[in-house]
Amino acid sequence: MVFKNLKWQLLASSCVAVIVIACLIALAIEGYTVIVVILAAILAAYIILVNFWFDRNITKPITSLTESAERIAAGSYGTKAQKFDDNEIGELTDEINEMSEKVAQADKATTEFVSQISHELRTPLTAITGWSETLQYDPAIQGDSLRGVSIISKEADRLTSMVTDLLEFTRIQDGRFNLRVELLDIAAELEDSIFTYGELMKQSGVEVSYDAPDYEIPLISGDPERLKQVFLNLLDNATKHGGEGKLVEVVLKTTSNSVLISIRDHGHGIPAAELPYVKNKFYKGSSKNRGSGIGLAVCDEIVTRHGGKLIIANAEGGGCIATIQLPMNKE
């Protein structure tokens, strides 16, 4: 077929099929059996060729285009779909590729902007934090003034934490995010994190429950600092979002090929409609808690780069449960 336009190709194929079928009917009426058989065989071969053409020119390009669109929607901005021909599907492919490139450029510009702003914020925040801590020990500052300085110090710490998260996020985006992998005792790292954050949880009126497993957890490969970052972030989330339950439960166990760590709060849980998006960058949903909305995105990236999975779900009986699944060494 010489047509580049798909609708003319399909129309030409349909006309040919109709003409052949009409000839078959006419010849059958006149009794030309042999010719009818020959034309029927030709029609069958033609149908096979049309199916092959349809698969090559429509089904495969659309399937390829769908897969590329799914990758772009999942965050692989800049992904290019394969162009099969200069027809309507080819034009659609060009448009999607152009869109993907523009989204990639916009995403890169956003990441660079966030990185620059975060770096610029660190210097004044360091000064604010330092001076606010110094002023709290000044005997001349009393009453409401001292309380105000204390609030400034806490808010500066909160902003510093947000800036740190933003910088971590930009490192992931531009490929500067690396792991220092070594053999580590995951139980010891988890216990250190609980000890580190446990006192702050108690100050918030939240009890942390952790029972060490009664069997030895094998060493796994991982970055201890990055995994501790995940543990602390999830403990912090459980305290902020499930603090009304006054209890956070931490469980460590193993399966045949992985280590499972679950951190559960006893709060209100997460609305079912929001669960699929909680690990997306900058997503906060209906939560009224303040934050950058990228903590879980960073945690998910860290766990994924360890070859594991981070699963966020609502627990039976109420509350939210975050489960970290890490692979055990094959040996």
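The values are calculated or read from the model by the stated rules, or taken from the named source; none is laboratory data. Just so it is clear, the model here is predicted, and its values are computed rather than measured. Counting neighbours? That spans all protein chains shown, and the Cβs are built from the backbone with ideal geometry, glycine included. Just so you know, the surface numbers come from the protein's heavy atoms only, side chains and all, with ligands and any DNA or RNA stripped out. Shrake-Rupley method; radii C 1.70, N 1.55, O 1.52, S 1.80 Å.
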Might you check whether a residue that is without any contact (Cβ under 8 Å) to a residue 24 or more places away in the chain and either more than 26 Å from Gly75 (Cβ to Cβ) or not in a strand (DSSP E or B) (or both) occurs anywhere in segment 290-303?
yes
Would you mind stating whether Glu98 is farther than 30 Å from Leu166 by Cβ, open to solvent by 70 Å² or more (accessible area, probe 1.4 Å) and not in a loop (DSSP other than H, G, I, E, B)?
no
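Here are Glu244, Glu249, Glu225: which of them is open to solvent by 50 Å² or more (accessible area, probe 1.4 Å), modelled with pLDDT under 85 and not in a loop (DSSP other than H, G, I, E, B)?
Of Glu244, Glu249, Glu225, the one residue that is open to solvent by 50 Å² or more (accessible area, probe 1.4 Å), modelled with pLDDT under 85 and not in a loop (DSSP other than H, G, I, E, B) is Glu244.
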As an exercise: evaluate Ala127 against (1) in contact with an Asp or Glu (Cβ under 6 Å, 6 or more places away or on another chain); (2) open to solvent by less than 80 Å² (accessible area, probe 1.4 Å) and give the number of the one condition it does not meet.
(1)
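Can you say whether Val103 is over 19 Å from Thr304 (Cβ atoms) and either hydrophobic (A, V, I, L, M, F, W, C) or touching a Ser or Thr at 6+ places or on another chain (Cβ under 7 Å) (or both), as far as the supplied structure shows?
So Val103 passes the test.
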Restricting attention to segment 298-314, which residues are surrounded by 18 or more Cβ atoms within 10 Å (Cβ to Cβ) and farther than 18 Å from Phe169 by Cα?
Gly308, Ile312
If Ser256 meets every condition in (1) touching a helix residue (DSSP H, G or I) at 6+ places or on another chain (Cβ under 6 Å); (2) part of a loop (DSSP other than H, G, I, E, B) apart from one, which number is that one?
(1)
Considering segment 251-272 alone, what residues qualify as being touching a residue at least 24 places away in the same chain (Cβ under 8 Å) and of a type outside the set (A, V, I, L, M)?
Lys253, Thr254, Asn257, Ser258, Ser262, Arg264, Asp265, His266, Gly267, His268, Gly269
